[in-house]
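> Have a look at this one before I ask anything.
The values are calculated or read from the model by the stated rules, or taken from the named source; none is laboratory data. Only a predicted model underlies this, so the values are computations on that prediction, with no experimental measurement involved. Counting neighbours? That spans all protein chains shown, and the Cβs are built from the backbone with ideal geometry, glycine included.
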Amino acid sequence: MADQLIRAIAAEGGIRVVGVTTTRLVEVARQRHGLSYVATAALGRAMTAGLLLASSMKKPQSRVNIRVKGDGPIGGLLVDAGLDGTVRGYVEKPDVEIAPNADGKLDVGSAIGDGYLYVVRDVGYGYPYSSTVELVSGEIGDDLTHYLATSEQTPSALVLGVFVGADGVEVAGGLLLQVMPKAARDELLITVLEERLAELTGFTPLLQAGKTLPQIFEELVGDIGLEMLPGAQMVQFSCRCSRDRMLSALKLLGTDELTDMIKVDEGAEAICHFCNEKYLADSEQLQGLIQELEAQAT
Ligand SMILES: [Zn+2]
């Protein structure tokens with residue numbers, strides 16, 4: 001089934017629930033970037049979180065960027081997710097593998113190490129809202145929950161899961177529960193939510209058991225006025241790079257640099273960080289850029 005995002009409310013609008021399945025898009029990222037097991041889990045969790053965070057924004061062009069910078073072996077990662085359901089991202093050292101932790105789980109926390117989490121919310125007309133917090137564990141879910149509580153003052157629970165098998169990503173997805181301002185003082189409601197979440201031992205076992213997002217919502221908050229919101233949204237790995245953008249970027253290098261590229265390399269190669277797409281420009285195309293630059297200069 002295609003990856004999708006589903007929204008609901010509970011407790012008469014006091015609780016916002018969003019769930020997303022990301023199995024396919026995390027597998028696309030794994031293949032594009034040649035990610036190790038642990039890098040797949042790290043980037044998969046962050047891409048899942050990006051889509052969940054973007055889901056509450058209002059303007060259609062809204063995007064969220066999540067950057068994690070750590071001192072661990074995979075270095076860090078960057079994710080760009082939109083309210084439109086598109087997400088892309090990369091890991092600094094995609095092929096580094098580390099041993100699983102004592103529970104046999106992929107040790108994302110150790111792979112990331114100590115460092116910082118940066119979140120940028122861009123509604124599409126300048127002045128993006130950005131915030132930085134120290135990493136709590138490097139496991140991504142904990143770090144973003146901490147960010148939401150401290151920087152955005154929204155008590156939230158974020159559950160993220162990516163299960164990678166020998167043939168690739170078996171299941172991936174996540175869940176975001178947020179207590180809205182109108183219910184923020186409702187201690188009983190918050191206690192009930194905390195208890196339910198404590199019982200939840202992870203998200204991937206639910207998906208592996210074949211449960212759908214509506215079934216998971218029902219089990220979690222079905223007895224406190226769950227109302228599914230209409231319209232499941234498709235989500236996918238998608239990058240905005242293109243040959244034209246690559247050529248525009250090359251043009252910025254200027255005539256001298258472009259002439260050098262023709263002489264030395266007989267062309268240029270550019271790789272998009274976000275999706276690992278490789279673009280090639282031959283001497284003729286570079287010559288075309290030089291002519292455009294010269295025409296602009298006169
Ligand atoms: Zn790209």
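> Tell me, which strands (runs of 3 or more DSSP E) wholly within the stretch 34-97 include 2 or more residues that are out of contact with any helix residue (DSSP H, G or I) (no Cβ under 7 Å at 6 or more places or on another chain) and closer than 12 Å to Ile112 by Cβ?
Here the list reads 63-70.
> If you don't mind, there's one more thing I want to ask. Can you tell me which condition Pro155 does not meet? The list is (1) farther than 25 Å from Leu117 by Cα; (2) surrounded by 14 or more Cβ atoms within 10 Å (Cβ to Cβ); (3) at pLDDT below 85, and all the others hold.
Only one criterion in (1) farther than 25 Å from Leu117 by Cα; (2) surrounded by 14 or more Cβ atoms within 10 Å (Cβ to Cβ); (3) at pLDDT below 85 is unmet by Pro155, namely (1).
> To continue, here is another question. List every residue pair whose Cβ atoms lie under 6 Å apart, where the two residues are 6 or more positions apart in sequence or sit on different chains, the first residue falls within the stretch 260-285 and is closer than 24 Å to Gly34 by Cα and in contact (Cβ under 8 Å) with a residue 60 or more places away in the chain, and the second residue, located anywhere, is of a type in the set (Ser, Thr, Tyr) and within 16 Å of the ligand (Cβ to nearest atom).
The qualifying pairs are His273/Tyr90; Phe274/Tyr90.
For (1) within 30 Å of Ala2 (Cα to Cα); (2) modelled with pLDDT of 95 or more; (3) surrounded by fewer than 22 Cβ atoms within 10 Å (Cβ to Cβ); (4) among the β-branched types (Val, Ile, Thr), each residue gets a yes or a no:
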residue	(1), (2), (3), (4)
Leu106	yes, no, no, no
Val123	yes, no, yes, yes
Gly126	no, no, yes, no
Ser151	no, no, yes, no
Val164	yes, yes, no, yes
Ala184	no, no, yes, no
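> Also, I was wondering about something else. Limited to the stretch 196-225, what total is found for residues that are touching a helix residue (DSSP H, G or I) at 6+ places or on another chain (Cβ under 6 Å), surrounded by 16 or more Cβ atoms within 10 Å (Cβ to Cβ) and in contact (Cβ under 8 Å) with a residue 40 or more places away in the chain?
2
> Something else now. Is there a residue in the stretch 211-220 that is within 30 Å of Leu197 (Cα to Cα) and either hydroxyl-bearing (Ser, Thr, Tyr) or within 16 Å of the ligand (Cβ to nearest atom) (or both)?
For the stretch 211-220, residues within 30 Å of Leu197 (Cα to Cα) and either hydroxyl-bearing (Ser, Thr, Tyr) or within 16 Å of the ligand (Cβ to nearest atom) (or both): present.
> Pick out, from the stretch 100-191, the strands (runs of 3 or more DSSP E) lying fully within it that include 1 or more residues that are closer than 25 Å to His33 by Cβ and charged (D, E, K, R).
Output list reads 115-122, 168-179.
> With respect to Ser36, determine if the residue is at pLDDT 95 or above and not charged (D, E, K, R). Spell out how you get there, then give the answer.
On the way: at pLDDT 95 or above: yes; not charged (D, E, K, R): yes.
Yes.
> Consider Met246 against the criteria (1) outside any loop (DSSP other than H, G, I, E, B); (2) away from the ligand (no atom under 11 Å from the Cβ): it satisfies all of them except one. Which criterion is unmet?
Unmet for Met246, out of (1) outside any loop (DSSP other than H, G, I, E, B); (2) away from the ligand (no atom under 11 Å from the Cβ): (2).
> When Cys275 is evaluated against the numbered criteria (1) assigned to a loop (DSSP other than H, G, I, E, B); (2) away from the ligand (no atom under 16 Å from the Cβ), which criterion, by number, is the only one it fails?
Only one criterion in (1) assigned to a loop (DSSP other than H, G, I, E, B); (2) away from the ligand (no atom under 16 Å from the Cβ) is unmet by Cys275, namely (2).
> Checking Ala270 against (1) within 16 Å of the ligand (Cβ to nearest atom); (2) not in a strand (DSSP E or B), only one condition comes out false. Which one?
(2)
> Just for the stretch 249-267: of the residues that are among the small types (Gly, Ala, Ser) and not in a strand (DSSP E or B), which one is farthest from the ligand (Cβ to nearest atom)?
Gly254
> Exactly one condition in (1) touching a helix residue (DSSP H, G or I) at 6+ places or on another chain (Cβ under 7 Å); (2) among the hydrophobic types (A, V, I, L, M, F, W, C); (3) touching a residue at least 12 places away in the same chain (Cβ under 8 Å); (4) closer than 29 Å to Leu106 by Cβ is false for Met180; which is it?
Looking at each condition in turn, Met180 falls short on (4).
> While we're here: Here is a check on your reading of the model: is Leu193 surrounded by 14 or more Cβ atoms within 10 Å (Cβ to Cβ), closer than 21 Å to Leu25 by Cβ and touching a residue at least 12 places away in the same chain (Cβ under 8 Å)?
Against the criterion (surrounded by 14 or more Cβ atoms within 10 Å (Cβ to Cβ), closer than 21 Å to Leu25 by Cβ and touching a residue at least 12 places away in the same chain (Cβ under 8 Å)), Leu193 does not qualify.
> Which residues, taken from the stretch 221-240, are at pLDDT 95 or above and within 16 Å of the ligand (Cβ to nearest atom)?
Those that are at pLDDT 95 or above and within 16 Å of the ligand (Cβ to nearest atom): Gln236, Phe237, Ser238, Cys239.
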